[in-house]
Amino acid sequence: MFDKILIANRGEIALRVLRACKELGIPTVAVHSTADEDAMHVRLADESVCIGPPPAKDSYLNIPALLAACEITGADAVHPGYGFLSENARFAEILGEHNVHFIGPRPEHIRLMGDKIAAKRAAQGLGIPVVPGSDGGVASDADAFRLARDIGFPLMLKAAAGGGGRGMKVIRAEHEMAGGLALTRAEAQAAFGDDTVYLEKYLEQPRHIEIQVLGDGKGRAIHLGERDCSLQRRHQKVWEEGPSPALNTAARDDIGAVVAKAMRDIKYLGVGTVEFLYEDGKFSFIEMNTRIQVEHPVTEMITDIDLVVEQIRVAAGNDLTLTQDNVKFHGHAIECRINAENPVSFRPSPGKIVHYHPPGGLGVRVDSAVYHGYAIPPFYDSLVGKLIVHGKTRSECLMRLRRALDEFVVDGIETTIPLFRALAQEKDIIDGDYHIHWLEEFLARGALKE
Ligand code: ADP
C-alpha cells in the first residue's frame, strides 16, 4: 500500500479522498492555494503545503509545485480527485517519471478517452454501441456537408477535445452548417487548443445513463450498475440517481456485461464511467471519464462499496477482489448538486456562510467541505456540497429527499436548494419520466420565481 497520499484537489472531493485514506490508515497531504488557507481539507489532512496563488493555473494545475510538494512531504502517490489534473495524461506520466504513483488509469487510457473521436472508435472496436456519426474529425466544410446529408438533421457538432459540457452545437438544418462549423471550431480552438470537430446524430429525447466500472489493470474488471444523470442544465449534471427509472435488471445486466468485458479487454485500471445516451431501448456511447466522478456516491449508497478505497487499492497494485457476483444493488439513491448560485438565474453567489446546518438521519449523506463561517472563494467552481439520500424504494428516497431538503440551512449566500425542493415535488420527476432536456424546459417555463 502507499505510504503517504497527496491530494491534488480542493473542496468536497479533497475531503472525500481524505476520508478514504484515513480509513485505510494512510497519512495524507493537502495542497492549497493562498485562497484556501482556511479550507476544511487543509484542516483535516495530516500535513499541508501551499502551492501557489488563487488562480487554479498557478496552484491546483501547477505541476512543478505539486511535484515539489510530493518531494518535500515524501508522498509516494497522488490522488487527483475530479477536474483539475485528473484527466491529464501528461501529469500522470510526469509523476511516474518521478517515482510517484498516479491514482488513476494508465496514461495511455487517459489519453485515449480524452480524445472523443479516438474514444468512440475504441468503444466501437470493443463492441460498445456508439451514437451514429462521422468516422473521425471532418477534414473540410465540404466533407462536413456530405457527412451531414448522410447522418441527417438534426445533428450535433462536437469538439474532439471537448469537455465540461462545452464545445457542442446542435444543427437543425443545412443552412446552419457553415456558421455552426466556424463557431464550434473557433470555440474548440480557444477552449481546448484543438479545433478538430466531428459530427454526431442528435438524439431528441434521450436519457443520460452511465455505467460505473472498476478494474485492476490486470484484466479483472466489473461494473457497478448505472446512474441516471438526465437532469442537466447546459449539458451539466444537476441531479443524479440510481438505479435509472428507465432500466430493468435485464437491461442493466446486458449493458453492464458489455462494458465490463471491454474494460477487461483493455486491462483498465481504476474507476471509470462509460457514458451513454439511452433512447427507445438503445444505448449509444458518448464518452468515457477516466476518474472518480462527482456523482459516485449514488453508486456507493446502492452497493455499499467505497469506490475511492477500491480505487486506491488497485492503484497500489492490489488485485481486484470484488467479483461481479459480489455487487448487490439495494434500494435507491438520489444526489443533488448544491451550488452557490441563485436558483433562478444561476448567477454565482460566493461569500460567507453565516449559518450552516446540514440535514441528517437515516439514509442521508452530505459530502461537503463548507462549515459555519466559511467564506466561499470566487475562484473555483460553485459546488457547495452534495446531498445524497438513500431509501429502500424510489418513493421512500424521494420522501426522504424532501425531508432532508427542508432541514438544509445555508445562510449568507444563495444556493440551488430551492430548485431541488421544487424538483422533488414535480410529477414527472416523481414518475421518473424525464429526459436530458426536461430540466431546461422546466426552467424555461419559469416554474421557479426569484
Ligand atoms: P462533456 O464531455 O462536455 O460532458 P458529453 O459528450 O458527455 O460532453 O455530453 C454531455 C451532454 O451533452 C450529454 O449528457 C447530453 O445531454 C448531451 N449530448 C451529447 N451528445 C449528444 C447527442 N449526440 N445528442 C443529444 N445530446 C447529446
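The values are calculated or read from the model by the stated rules, or taken from the named source; none is laboratory data. In this text, all values refer to a predicted model and were calculated from it rather than measured experimentally. All Cβ positions, even for glycine, are placed from backbone atoms using ideal geometry, and neighbour counts span all protein chains on display. Accessible surface areas use protein heavy atoms only, side chains included; no ligands, DNA or RNA. Shrake-Rupley method; radii C 1.70, N 1.55, O 1.52, S 1.80 Å.
Structure notes:
- Per the listing GLY133, GLY164, the residue uniquely touching a residue at least 40 places away in the same chain (Cβ under 8 Å), open to solvent by 50 Å² or more (accessible area, probe 1.4 Å) and near the ligand (Cβ under 10 Å from one of its atoms) is GLY164.
- Filter pass, ILE26 being over 28 Å from ASP115 (Cα atoms) and either of a type in the set (Ser, Thr, Tyr) or assigned to a loop (DSSP other than H, G, I, E, B) (or both): yes
- Some residue of the stretch 305-316 being within 16 Å of the ligand (Cβ to nearest atom), in a loop (DSSP other than H, G, I, E, B) and touching a Leu at 6+ places or on another chain (Cβ under 8 Å): no
- Flag if TYR374 is under 25 Å from LEU44 (Cβ atoms), out of contact with any strand residue (DSSP E or B) (no Cβ under 8 Å at 6 or more places or on another chain) and surrounded by 15 or more Cβ atoms within 10 Å (Cβ to Cβ): no
- Looking across the stretch 169-189, the residues that are open to solvent by 50 Å² or more (accessible area, probe 1.4 Å) and either under 24 Å from LEU231 (Cα atoms) or of a type in the set (Val, Ile, Thr) (or both) come down to LYS169, ARG172.
- Single residue of the stretch 223-252 satisfying the filter (over 15 Å from the mean Cα position of the chain (by Cα) and within 15 Å of the ligand (Cβ to nearest atom)) that is surrounded by the most Cβ atoms within 10 Å (Cβ to Cβ): SER244
- On the stretch given as the stretch 320-346, residues that are in contact (Cβ under 8 Å) with a residue 12 or more places away in the chain and assigned to a loop (DSSP other than H, G, I, E, B) total 14.
- One residue from ALA65, ALA77, ALA89 being open to solvent by less than 30 Å² (accessible area, probe 1.4 Å), within 21 Å of LEU214 (Cα to Cα) and without any contact (Cβ under 8 Å) to a residue 40 or more places away in the chain: ALA89
- In the set (1) touching a strand residue (DSSP E or B) at 6+ places or on another chain (Cβ under 7 Å); (2) touching a residue at least 40 places away in the same chain (Cβ under 8 Å), ASP228 fails one condition alone, (2).
- When PHE145 is tested against (1) more than 24 Å from GLU275 (Cα to Cα); (2) among the aromatic types (Phe, Trp, Tyr); (3) open to solvent by 60 Å² or more (accessible area, probe 1.4 Å), only condition (3) is not met.
- Any chance LEU155 is surrounded by 13 or more Cβ atoms within 10 Å (Cβ to Cβ), modelled with pLDDT of 95 or more and farther than 30 Å from LEU224 by Cα: yes
- Out of ILE286, ILE255, one residue alone is under 15 Å from the mean Cα position of the chain (by Cα) and over 30 Å from ASP411 (Cα atoms). It is ILE286.
- Residue satisfying condition, being free of Cβ contacts under 8 Å to residues at least 60 places away in the same chain and more than 16 Å from the ligand (Cβ to nearest atom), within set PRO154, PRO107: PRO107
- All conditions but one from (1) open to solvent by 60 Å² or more (accessible area, probe 1.4 Å); (2) in contact (Cβ under 8 Å) with a residue 60 or more places away in the chain apply to CYS21; the one that does not is (1).
- Checked against the criterion of being under 22 Å from the mean Cα position of the chain (by Cα), crowded, with 17+ Cβ neighbours inside 10 Å, at pLDDT 95 or above and of a type in the set (D, E, K, R), the candidates LYS57, LYS120 yield just one match: LYS120.
- The stretch 190-222, subset in a strand (DSSP E or B) and open to solvent by 10 Å² or more (accessible area, probe 1.4 Å), residue farthest from the ligand (Cβ to nearest atom): ARG207
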